[in-house]
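Quick notes on the structure that follows.
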Amino acid sequence: MYHKENLTKLKKLDALAPEVMKALWAFDKAAVADGAIPVKYKELIAVAVALTTQCPYCIAIHSSNARKAGATETEIAEAAMVARPCAPEQQSHTRRTRFPTDYFFLNLQRVRDWD
């Protein structure tokens, strides 16, 4: 089950696989660094992807980061709505892995409630 406290377990991975985690954190930082696409837009993209993949940790982290990068609640909501048609339950070719529509809206609530 999703618990925000689980994110603290990443420190254990840092200790157990330091070189791999160092590379992971470097990639993570580089992926959302300012570039041709500004940080705010990258985080809004990440919010949409997280809602589509339905990862509660990613939803929480990227919605918070989007706000820190200057995204408004309206921009976050629009990014979420862009993701909605791409959600697994909307795709006929993913019927084997259908998720209830309510789950999308639960995750949308997580976007709003993180901070």
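What follows draws every value from the coordinates through simple rules; no lab data is involved. Everything quoted here is computed from the prediction, not taken from an experiment. Ideal geometry is used to build each Cβ from the backbone, glycine not excepted, and the neighbour counts take in all protein chains shown.
Worth a mention:
- Net lengthening on full extension, residue 73/residue 41 (0.36 nm per residue, minus Cα-Cα): 10.2 nm
- Sites residue 22 and residue 54 - FRET efficiency at Förster radius 22 Å, r taken between beta-carbons, to 0.05: 0.20
- Cross-link reach list, lysines versus residue 12, counting only Cα pairs under 27 Å and skipping chain neighbours closer than eight places: 4, 22, 29, 68
- Spin-label zone in region 47-62 - amide nitrogen under 20 Å from a point set 7 Å from the Cα of residue 12 along the C-beta vector: 56-58
- For the listed peptides 15-23, 38-46, 61-69, 73-81, a ranking on the average number of other beta carbons within 10 Å per residue, highest first, reads 61-69, 38-46, 73-81, 15-23.
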